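Contents: one structure, followed by commentary.
The values are calculated or read from the model by the stated rules, or taken from the named source; none is laboratory data. Predicted, not measured: the structure shown is a model, and the values here were computed from it. For the accessible areas, the whole protein counts, side chains as well, though only heavy atoms, and no ligand, DNA or RNA atoms are used. Shrake-Rupley method; radii C 1.70, N 1.55, O 1.52, S 1.80 Å.
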Amino acid sequence: AAAAALGLLPLGKTQSPESLLDIAARKVAEKWPFQRVEERFERIPEPVQRRIVYWSFPRGEREICMYSSFNTGAEDLAAAPG
């Protein structure tokens, strides 16, 4: 309520803190590919797996575009004349 009164939050909206699961999953996803996590740990509860996978994908539009248009160069060689 105090943050809304100061104009930090829109009126009528409250902000809930991030869960410990989300914080931990995000930190794991930032450091290690999911495949390495699966190889390293024998048993990972399904909710934890889902959150790590969720945080493994890029968030920003620029990163999404960069990953979705990844080019290995093979297409360029096939299209080159000669």
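Some points to look at:
- Accessible area of the stretch 20-66 belonging to carbon and sulfur atoms, whole % at 1.4 Å probe: 56 percent
- Normalised by the number of residues in the stretch 20-66, the average gap of Cα pairs under 8 Å and 6 or more apart makes the relative contact order 51 percent.
- In the context of the full set of protein chains, residues of the stretch 20-66 present 88 Å² of accessible surface per residue (probe radius 1.4 Å, heavy atoms only).
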